[in-house]
There are 2 protein chains.
Amino acid sequence: MIFKEGDKFIEKFHLSEKIYDGFITLFKDRNPLHTDEQFAIDNGFKGRVMHGNILNGFISFFIGECLPVKNVIIHLQEIQFKNPVYLDDRLDFFAEVSGVFESVNTVEFKFNFKNIETKTVAKGKIQIGVFK
Amino acid sequence: MIFKEGDKFIEKFHLSEKIYDGFITLFKDRNPLHTDEQFAIDNGFKGRVMHGNILNGFISFFIGECLPVKNVIIHLQEIQFKNPVYLDDRLDFFAEVSGVFESVNTVEFKFNFKNIETKTVAKGKIQIGVFK
């Protein structure tokens, strides 16, 4: 098994206008919290809150492209949204192997996303299968 | 509180080529399992396996657009991938309110996605906050 407990990974993601617009075009989630500045402000946010599931797209990239092997598939993914993400935020992503289960070829990661103020905006875990 | 335990929701999603291509353009996850037909077949799949996080995009649409109120935000999301989803699959999405926590304005949904063979391809839970 190529992974061992404690292995660490770091990535950077930018929640650009291109990604925000592209996500809306793709999935049609135009909820006012995401699209109506005044609605978001009236409800106590600094501005339009970015879709949490954009972060799940970043996780797709992390698992599919940033690991040392390609023969992987996600089995389970859990994410808690702790603080809002805003347009143009730059996020630091940290992941660590929190469990290796050789008998079932499964690896678990704990992860978190932090914003530029080093506030955790989201955290969770991912379980992947490593095949062959 | 507008939600009550047992409330049910049904949606239909089509994993079209447009969504598949758009997701790759957006998030750059070109892992061979998703993009290389022969690699996927060699590893025991019927063809390229669609990104699980496309289903999380569908969940964004469900929460943002299909509920009877708009003043909602996702707090937690968990998804288990049980069976592969292929290009052009049509998925039935079922969600049910599994918990209402009035004191913290939180609602929990259990959900599953089934393919045309009525096989569960993914299931999980979503917790949302209902504000104001």
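The values are calculated or read from the model by the stated rules, or taken from the named source; none is laboratory data. Quantities reported herein were computed from a predicted structural model and do not represent experimental measurements. When we count neighbours, we look across all protein chains shown, and the Cβ atoms used for this are built from the backbone with ideal geometry, even at glycine.
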Per the filter on segment B:13-41, residues out of contact with any Pro (no Cβ under 8 Å at 6 or more places or on another chain), part of a helix (DSSP H, G or I) and either within 9 Å of chain A (Cβ to nearest Cβ) or within 14 Å of residue A:65 (Cα to Cα) (or both) are B:18, B:19, B:22, B:23, B:24, B:25, B:26, B:27, B:32, B:33, B:34, B:35
Can residue A:55 be described as surrounded by 15 or more Cβ atoms within 10 Å (Cβ to Cβ) and part of a loop (DSSP other than H, G, I, E, B)? no
Matching residues, segment A:86-114, being touching a Leu at 6+ places or on another chain (Cβ under 6 Å) and either β-branched (Val, Ile, Thr) or buried (at least 18 other Cβ atoms within 10 Å of the Cβ) (or both): A:113
When residues of segment A:59-85 are filtered for being touching a residue at least 60 places away in the same chain (Cβ under 8 Å), farther than 24 Å from residue B:25 by Cβ and either under 10 Å from the mean Cα position of the chain (by Cα) or crowded, with 20+ Cβ neighbours inside 10 Å (or both), how many remain? 0
Only one of (1) of a type in the set (A, V, I, L, M); (2) within 12 Å of chain B (Cβ to nearest Cβ); (3) within 22 Å of residue B:33 (Cα to Cα) fails for residue A:85. Which number is that? (3)
Can you tell me which condition residue A:90 does not meet? The list is (1) more than 18 Å from residue A:131 (Cα to Cα); (2) modelled with pLDDT under 95, and all the others hold. (2)
Among A:119, A:123, A:114, A:132, which is the only one that is without any contact (Cβ under 8 Å) to a residue 60 or more places away in the chain and within 14 Å of chain B (Cβ to nearest Cβ)? A:123
Which ones in segment A:72-107 are within 20 Å of residue B:81 (Cα to Cα) and among the acidic types (Asp, Glu)? A:78, A:102
Does residue B:98 fit the bill of being farther than 25 Å from residue A:24 by Cβ, without any contact (Cβ under 8 Å) to a residue 12 or more places away in the chain and of a type in the set (Gly, Ala, Ser)? no
Within segment A:79-132, work out how many residues are in a strand (DSSP E or B), touching an Asp or Glu at 6+ places or on another chain (Cβ under 6 Å) and closer than 30 Å to residue A:41 by Cβ. 3
Just to verify a result, which residue in segment B:56-71, among those that are touching a Gly at 6+ places or on another chain (Cβ under 9 Å) and closer than 21 Å to residue B:84 by Cβ, is farthest from the other protein chains (Cβ to nearest Cβ)? B:59
Return a yes/no flag: does segment B:4-21 have any residue that is within 19 Å of residue A:58 (Cβ to Cβ), under 19 Å from the mean Cα position of the chain (by Cα) and of a type in the set (Gly, Ala, Ser). no
